[in-house]
Amino acid sequence: MRTPQSCAVDEAGTDGGVELPRRLTPDGEPRWSQSTEVLVVGSGIAGLMTALHASELGYRVTIVTKGEIDDGSTRWAQGGIVAVLGSHDSPAAHADDTLVAGAGLCDPAAVDVLTTEGPSRVLELVRLGARFDRDPDGRWALTREGGHHARRIIHAGGDATGAELQRAAQRAVLRDPSITVVTHALALDLLTDAAGHAAGVTVHVAGTGARAGVGAVLARATVLATGGVGQVFDATTNPPVATGDGLALALRAGAVATDVEFLQFHPTVLALDGADPRQQGLVTEAVRGEGAHLVDHDGRRFMPGVHELAELAPRDVVAKAVLRTMVAADTDHVFLDARHLGSRVLEARFPTVTALCRQAGLDPADQLIPVAPKAHHHSGGVRTDLWGRTSIPGLYAVGEVACTGVHGANRLASNSLLEALVYAGRIAAHLANGLPPQREPASSGAVAWAVDPAVRTDLQHAMSHGAGVARSAASLSTAARRIAHQSRTRSSGREAWETTNLITVAAALVRAAQLRRETRGCHWREDFDAPDEAWRGHLTATLRTDGTLHHAFHRS
């Protein structure tokens with residue numbers, strides 16, 4: 001099927017007959033309510049920085065987060081953040097690398113915002129107290145990662161950049177009297193008025209007391225910063241909280257999502273027997289940036305013949321090469337060879353990776369590191385404009401839950417933390433124009449239900465085998481049928497709500513992956529193994545009032 005222009009591309013049967021809820025809790029369910037001016041859902045760097053900027057504008061801010069304040073993905077980010085601050089580099093060169101990695105689907109305007117505003121946003125973090133690593137001359141230590149043609153990545157604690165960013169922003173938030181943080185609060189449904197404007201969210205707060213159970217947080221502006229969707233697969237680098245809550249909530253509310261099929265698989269995740277599949281250890285790309293090589297079981301490098309940048313090719317290229325090498329050798333991993341870096345470099349530059357390896361009983365200074373591709377970063381999400389606005393008035397999205405157009409079909413390494421900083425600032429710039437009055441929530445009229453949490457493991461297995469690194473019509477059809485079967489189960493409660501979010505994300509991802517009949521970026525179709533100019537565009541997803549998904553294609 002070729003799609004030469006913008007059009008609907010739904011096809012009977014491609015979703016396997018899946019039906020999804022438009023609401024998790026009945027309209028009359030909230031037992032309590034509270035009001036704020038700006039509500040931020042999520043407490044990674046995207047949510048924290050949005051909250052800080054909103055507070056600086058004089059607004060009262062409430063952050064709700066489903067676990068503890070630091071349970072999200074930010075603190076696990078190892079590699080670094082892009083900082084084009086030296087005379088050897090330029091925002092234009094950074095933009096060029098971003099556009100190449102995005103395989104023709106980046107929004108050039110969004111990339112321009114990222115690369116030109118990025119340096120000042122990084123310096124804001126420094127003013128907040130973030131401490132980045134320095135070289136012996138006191139200059140920021142710069143490294144290189146996949147897809148970058150220059151050393152422009154700064155890091156902290158060697159390979160603990162995310163933890164340092166989280167620490168600095170979290171400290172500032174907790175010291176700010178204008179910001180209230182509500183932990184163990186799972187966002188459920190978007191509240192809207194009769195005209196469809198956002199009015200806040202319903203949340204479930206675990207525990208006891210007046211603010212426990214299902215309640216409503218009313219807000220004049222609502223910002224989704226809930227992170228990624230990695231837990232939809234049975235092996236991921238994402239933390240357990242990454243269950244696609246914000247994306248699913250937005251879809252239930254009628255928001256437009258886009259590029260949902262583009263899920264990046266990190267090519268070098270520790271492949272160890274007995275590892276916890278809920279969050280597997282990552283070997284940062286920066287190890288390859290410092291000279292480590294990928295080798296097969298015979299010790300031969302295989303990337304130099306695949307791409308001019310060899311091990312530093314864009315992640316989709318490396319992940320595909322790793323998988324092909326694994327298939328050819330009938331094994332479940334390849335190796336990363338960092339032995340020539342030596343103990344001193346590994347311990348000083350990559351203490352997290354070194355510790356992970358040694359905890360597993362191997363020393364990267366003397367032994368090869370077994371690695372394999374695993375689910376990592378979602379390039380798609382809730383569609384936003386250049387100011388973080390979604391298709392629902394009063395609802396914004398930032399960070400991994402959002403699709404700003406920066407990443408296209410494949411994220412360039414270390415652009416995600418930068419995107420969070422830049423677009424948090426952009427949302428604040430829009431909020432500076434003033435907030436609308438508080439909207440009065442209206443009844444949605446939707447029937448509330450949720451999926452039985454017992455299907456979660458089967459769902460994750462179906463997604464990993466059907467919509468993983470390599471996909472085909474047959475594998476995706478099998479996954480779609482499993483999702484449709486799982487969606488017919490019924491239950492209630494927090495685990496059921498979370499599983500329903502996973503089912504919703506999985507259904508949207510599989511449907512889009514079925515429809516996109518080409519290989520582009522991190523979307524790899526074995527039965528359509530090359531890019532197709534007819535598919536140079538974006539698939540949008542919305543959830544109809546009857547609970548079925550609708551996809552449309554828009555040419556770039």
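Each reported figure results from applying straightforward, stated rules to the coordinates on display, with no laboratory input. Worth saying up front: this structure is predicted, and the values here are computed from it rather than measured. A quick note on method: Cβ atoms are made from the backbone with ideal geometry, for glycine too, and the neighbour counts reach across all protein chains shown.
Would you mind putting 121-129, 59-67, 185-193 in packing order, based on average other-beta-carbon counts within 10 Å, highest first? Don't skip to the end; give the middle numbers.
Values: 121-129: 16.8, 59-67: 22.8, 185-193: 24.9.
Result, highest mean first: 185-193, 59-67, 121-129.
Can you compute the helix-only [θ] at 222 nm over the chain? Use -39500 (n - 2.57) per DSSP H run of at least 4 residues, normalise by all residues, nearest 500 deg cm²/dmol.
For the chain, the value works out to -9500 deg cm²/dmol.
So what is the relative contact order of the chain, in percent, for Cα pairs below 8 Å that sit 6 or more residues apart?
On the way: 1380 pairs, mean separation 136.7, N = 556.
Averaging sequence separation for qualifying contacts and normalising by length gives 25 percent for the chain.
Starting from the exponent 0.38 and prefactor 2.2 Å, build the expected Rg for the range 444-521 from its residue count and divide its actual Cα Rg by it. Spell out each step's value before the answer.
On the way: Rg = 13.3 Å, N = 78, 2.2 N^0.38 = 11.5 Å.
Its radius of gyration relative to the 2.2 N^0.38 Å reference: 1.16.
Once phi is turned into ³J(HN,Hα) by the Karplus curve 6.51 cos²θ - 1.76 cosθ + 1.60 with θ = phi - 60°, what whole-Hz value does each residue of the range 412-420 show in order, with x for glycine and proline?
6, 3, 6, 7, 6, 5, 5, 4, 4
Where nothing but the Cβ of Lys and Arg (+1) and of Asp and Glu (-1) is charged, how large is the charge dipole of the chain around its Cα centre, in debye to the nearest 20? Write out the running numbers ahead of the final one.
Working: 53 positive and 61 negative charges, 158 e Å.
Dipole about the Cα centre, nearest 20: 760 debye.
Taking the dipole about the Cα centre of the range 81-130, with the C-beta of Lys and Arg at +1 and of Asp and Glu at -1, give me whichever of 100, 85, 116 is farthest to the positive side.
Checked the options; the winner is 85.
About the Cα centre, and with charges only on the beta carbon of Lys, Arg (+1) and Asp, Glu (-1), how big is the dipole of the range 450-555? Nearest 20 debye, please. Intermediate results must be reported in sequence, preceding the final value.
On the way: 15 positive and 11 negative charges, 41 e Å.
It comes to approximately 200 debye.
Which peptide among 44-52, 23-31 comes first, and what is the full order, when sorted by highest mean count of other Cβ atoms within 10 Å? Each step should come with its number before you reach the end.
Details: 44-52: 30.8, 23-31: 17.4.
Going by the mean number of other Cβ atoms within 10 Å, highest first, we get 44-52, 23-31.
What is the magnitude of the charge dipole of the range 433-509 about its Cα centre, with +1 placed on the Cβ of each Lys and Arg, -1 on the Cβ of each Asp and Glu, and no other charges, expressed in debye to the nearest 20?
Working: 8 positive and 5 negative charges, 42 e Å.
Result for the range 433-509 is approximately 200 debye, rounded to the nearest 20.
Would you work out which of 74, 208, 395 lies farthest towards the positive end of the dipole of the chain? Charges go on Cβ: Lys and Arg +1, Asp and Glu -1.
The residue sitting farthest along the positive end of the dipole is 208.
Starting from a Cα-only point model with no solvent, please compute log10 I(q)/I(0) by Debye for the range 267-373 at q = 0.14 1/Å.
Debye output, listed in q order: -0.49.
Do you know the relative contact order of the range 420-497, to the nearest whole percent, from alpha carbon pairs under 8 angstrom that are 6+ apart?
This gives 38 percent for the range 420-497.
Using a simple spin-label model with points 7 Å from Cα along the Cα→Cβ vector, what separation in nm is obtained for residue 545 and residue 490?
Taking the simple label geometry, residue 545 and residue 490 are separated by 2.2 nm.
With Cα extents along the principal axes in Å in mind, check [x] 75, 58, 48; [y] 99, 57, 45; [z] 63, 52, 45 and report the label derived from this structure.
It is the value labelled [z].
Modelling each spin label as a point 7 Å along the Cα-to-Cβ direction, I'd like the residue 193/residue 454 distance in nm, to one decimal.
4.5 nm
Give me the percent relative contact order of the range 267-373, please, defined on Cα pairs under 8 angstrom at least 6 residues apart.
Taking the mean separation of contacting Cα pairs over the length of the range 267-373, I get 35 percent.
So for the chain: antiparallel DSSP bridges make up what percent, rounded to the nearest 5? All intermediate terms of the calculation are to be shown ahead of the outcome.
On the way: 49 of 71 bridges.
Bridges in the chain that DSSP calls antiparallel: roughly 70 percent.
Summing Lys, Arg as +1 and Asp, Glu as -1, what charge do residues with Cβ under 12 Å from the Cβ of residue 336 carry, residue 336 excluded?
That works out to -2.
What is the distance in Å between the Cα centres of the range 102-171 and the range 437-507?
Cα centroid of the range 102-171 versus Cα centroid of the range 437-507: 35 Å apart.
Answer with one residue from 479, 504, 548: the one whose Cα lies farthest towards the positive end of the charge dipole of the range 450-555, charges on Cβ with Lys, Arg +1 and Asp, Glu -1.
About the Cα centre, the residue reaching furthest to the positive side is 548.
What FRET efficiency comes out for the pair residue 332/residue 210, r = Cβ-Cβ distance, R0 = 41 Å, nearest 0.05? If you can, show how the numbers build up before the last one.
Numbers: r = 51 Å, r/R0 = 1.24.
E(calc), rounded to 0.05, equals 0.20.
Can you order the peptides 224-236, 417-429 by their average number of other Cβ atoms within 10 Å per residue, highest first?
Values: 224-236: 29.1, 417-429: 25.6.
Per-residue mean Cβ counts within 10 Å order the peptides as 224-236, 417-429.
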